[in-house]
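Each value in this text was obtained by applying a stated rule to the coordinates, not by laboratory testing. From a predicted model like this one, the values you see are computed outputs, not experimental measurements. We place every Cβ from the backbone using ideal geometry, glycine too, and count neighbours over all the protein chains shown.
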Ligand SMILES: Cc1cc2nc3c(=O)[nH]c(=O)nc-3n(C[C@H](O)[C@H](O)[C@H](O)COP(=O)(O)OP(=O)(O)OC[C@H]3O[C@@H](n4cnc5c(N)ncnc54)[C@H](O)[C@@H]3O)c2cc1C
Ligand code: SF4
Ligand code: SF4
Ligand code: FES
């Protein structure tokens, strides 16, 4: 990794160089909530001043740009009994992600493990993932963030460039030659010892700001032992099975497939839609048998997949601790409380 | 245009054809296939013989007993079905399909010559070669006979490699019995066919009751050596597994020699949609065929 610094004004120049020829997606202010606090979202940006570099978090992750909620896997031309299938991975140019936080970069790295680096890699994701240019940016822990517990508070790979605000200037980590070439156009300086010290001080301060945490020690084993625990029923009683938690989760990728015939009967499409394991028919099969018929069965499964199964398969959990699910849940179910309750055997 | 990022085209095919499981292009590739014959078995179930159209694809398409394919009808849907034919025939599968919903009802109205899409084969199969020299118990409840027809065909074609072979087949009623036209052929190949009905009409002369009744008759009073050298394959509705596996276990059939085929909802067959997960094991990749030891260690498996 290469480290450099540049003056703050330079960032706008970098944006103009990049945005002149490429599609850029970044955090913008979308609306205000009832306390007049901004609500942020990842959107296409054309002007540098639209990007909210000090955004807290977005309600929805950047997922829709690489795992759209609805996406055609293929389309058909139909004539009598015969059909012609065409496949499109639904991307035609690279996308620059401007200002992803470490958690969201780590979420991509986790998705890579199952969607890129396992058997049957998924081309729809691969095509988009291989066409990303990612600029990461440091963040301030919010009350619901427990990324540090999940080891996702810093990103070690999976981005091109990562910038950290050191007050007067930005400290930059450069991971790819594409990023390096962009930076040639700016006035940069090699990072000096004093910059390193400032950077480490910043990291230290960030560490102290975390309030939410979960204890992951032996978590896979504990979940295995506590499979029959009463607390799952208690959480199940609260859960509305709405699936919002999966919707806002940067690491949830489960889906369903549906086919529809076009209105002119001359074509058809096969559509993939993201789904949630908390929704009632997720595991229902022909004949009406449902393998997870009750709310607590499904809620529990979501935790087992994330904090046990994925760990067994990939040595890390399928959660980056961004806290979005807990913030969104109308029943107020948060990961940190659920995990803590499984350990103590009681919800309170 | 110096600062325009280069577009990476993942559709650009590598010069060397990669293995199907690694190749991006194979993900959504369906083998164009044709329905060659349609044979209704009962009011609900029909057998479809489906053949891949492209000769090169046909040569490459082979499967193990126990594996499944995804069958697609453009615009209607795609669903998993067990292959129900002999593994020695390449490029062609027989599927026995029950009418339960959208796709399966639509299919029941289709005739010969219609083009459908096939993806696969997917999942694990029964380790037939490992079973050489052993006794085999094939235990099916209802539609569970469908996936068993493939190992049965294998046994017929390699009959000398197996010792005693028993099929235990439980069905609700005589009208729902599947593949009745093959029973004589199976018996001719020295395969014992034990059929038991839950509800028998006046014309039925055979045993009546639950499948476990026939099974216990076959298993009771054997030499110890028989139990240790017997493989069991179990297919059927979820409730059946519990009782059958419990009984096999009581007779000390080794857990690694008991195989079950699990059914789950499946939307991809490739470990991506997560619909088939048991705990966090993908039934489509690690299964649908599991040995009983593995099943015991999966939460909520049966
Ligand atoms: C490994 C495997 C092997 C199978 N083998 C056979 C077979 O040999 N013969 C046979 O008749 N059936 C088999 N099935 C079941 C078959 O997949 C379903 O009957 C089929 O999906 C129903 O599709 P449909 O569009 O007609 O039903 P729908 O109209 O979609 O729904 C009807 C019912 O089927 C369930 N269902 C929908 N999609 C799926 C799905 N992808 N997987 C499972 N259940 C689903 C729904 O929950 C609903 O209860 C198998 C299933 C699996 C997982
Ligand atoms: S489970 Fe919740 S905290 Fe974890 S990554 Fe998903 S949304 Fe974030
Ligand atoms: S945990 Fe909350 S967000 Fe998730 S399904 Fe239940 S009620 Fe909805
Ligand atoms: S069927 Fe999609 S993951 Fe198994």
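Under the definition of partner shielding as Cβ atoms of other protein chains within 10 Å of a residue Cβ, what is the mean value for peptide A:147-155?
Working: counts 0, 0, 0, 0, 0, 0, 0, 0, 0.
Taking all residues of A:147-155 together, the mean is 0.
Work out the mean other chain Cβ neighbour count within 10 Å for the residues of A:223-233 and drop it here as an integer. Let's see the in-between values first.
Numbers: counts 1, 3, 0, 0, 3, 1, 0, 0, 0, 0, 0.
Mean inter-chain Cβ contacts per residue within 10 Å come to 1.
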### Query
Is any residue of region A:44-75 close enough, with backbone N under 19 Å, to a label point placed 7 angstrom from the Cα of residue A:240 along the Cα-Cβ axis, and if so, which?
A:59-61
### Query
Where in region A:115-145 is the amide nitrogen less than 16 Å from a point lying 7 Å along the Cα-to-Cβ axis of residue B:60?
A:120-121
### Query
Highest mean first, what order results for B:64-70, B:128-134 on Cβ atoms within 10 Å?
B:64-70, B:128-134
### Highest-MSF residue in chain B out of B:292, B:282, B:181 [GNM, Cα springs under 10 Å]
B:181
### Query
In what sequence do B:295, B:38 fall when counting other Cβ within 10 Å, fewest first?
B:38, B:295
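Using only the Cα atoms of chain A, build the gyration tensor, take square roots of its eigenvalues as a ≥ b ≥ c, and label the shape rounded, prolate or oblate: rounded if a/c is under 1.5, else prolate if a/b is larger than b/c, else oblate.
Numbers: a/c = 2.03, a/b = 1.20, b/c = 1.70.
Oblate shape, in that a/c is at least 1.5 and b/c is the bigger or equal ratio.
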### Message
As an exercise, use a Förster radius of 45 Å and the Cβ-Cβ distance of residue B:182 and residue B:22 to find the FRET efficiency, rounded to the nearest 0.05.
### Response
0.70
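Is the C-alpha gyration tensor of region B:173-273 telling us rounded, prolate or oblate? Criteria: a/c under 1.5 is rounded; beyond that, a/b larger than b/c is prolate, otherwise oblate. Mind showing how you got there, number by number?
Values: a/c = 1.69, a/b = 1.12, b/c = 1.51.
Oblate is the answer for region B:173-273, as a/c is 1.5 or above yet b/c matches or exceeds a/b.
Per residue of chain B, what 222 nm ellipticity follows from adding -39500 (n - 2.57) for every DSSP H run with n ≥ 4, rounded to the nearest 500? Before the final figure, lay out the partial values.
Values: 9 runs with 67 residues, N = 302.
Result for chain B: -5500 deg cm²/dmol, rounded to the nearest 500.
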## Note on the structure
A student applying the Cα gyration tensor rule (rounded when a/c is under 1.5; otherwise prolate if a/b is larger than b/c, oblate if not) would label region A:146-297 oblate
### Message
What does DSSP give for chain B in terms of the percent of beta bridges that are antiparallel, rounded to the nearest 5?
### Response
60 percent
### Summary
Within 10 Å of the Cβ of an average residue in A:117-130, the count of other chain Cβ atoms is 6
### Task
Once you've got the GNM for chain A with C-alpha springs shorter than 10 Å, pick whichever of A:137, A:39, A:197 has the biggest mean-square fluctuation.
A:197
### Message
I want to verify a result. In a Gaussian network model of chain A, Cα cutoff 10 Å, which of these has the top mean-square fluctuation: A:298, A:23, A:213?
### Response
A:23
#### Entry: Inter-part distance where region A:67-86 and region A:134-192 are each reduced to a Cα centre, Å
41 Å
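To make sure I understand, if each residue's beta carbon is the centre and we count other beta carbons within 10 Å, what order do B:51, A:207 fall in, fewest to most?
Numbers: B:51 17, A:207 11.
So the ranking, lowest neighbour count to highest, is A:207, B:51.
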#### Entry: Neighbour-count order for A:168, A:29, fewest beta carbons within 10 angstrom listed first
A:168, A:29
### Message
Between residue A:205 and residue B:42, what is the label-point separation in nm under the 7 Å Cα-to-beta-carbon projection?
### Response
7.3 nm
### Task
Ratio to report: Rg/Rh of region A:148-211, with Cα atoms as the point set and Rh obtained by the Kirkwood method; give two decimals.
1.00
### Query
For residue A:29 and residue A:331 in the same chain, what is the full-extension length gain: residue separation times 0.36 nm, less their Cα-Cα distance, in nm?
106.1 nm
#### Entry: the protein assembly as shown - share of DSSP beta bridges that are antiparallel (%, nearest 5)
70 percent
### Summary
One finds the C-alpha centres of region A:231-304 and region B:16-76 to be spaced, in Å, by 27 Å
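Provide, as a two-decimal number, the C-alpha radius of gyration of the protein assembly as shown over 2.2 N^0.38 Å, N being how many residues it has.
Working: Rg = 28.3 Å, N = 650, 2.2 N^0.38 = 25.8 Å.
Taking the Cα Rg and dividing by 2.2 N^0.38 Å, one obtains 1.10.
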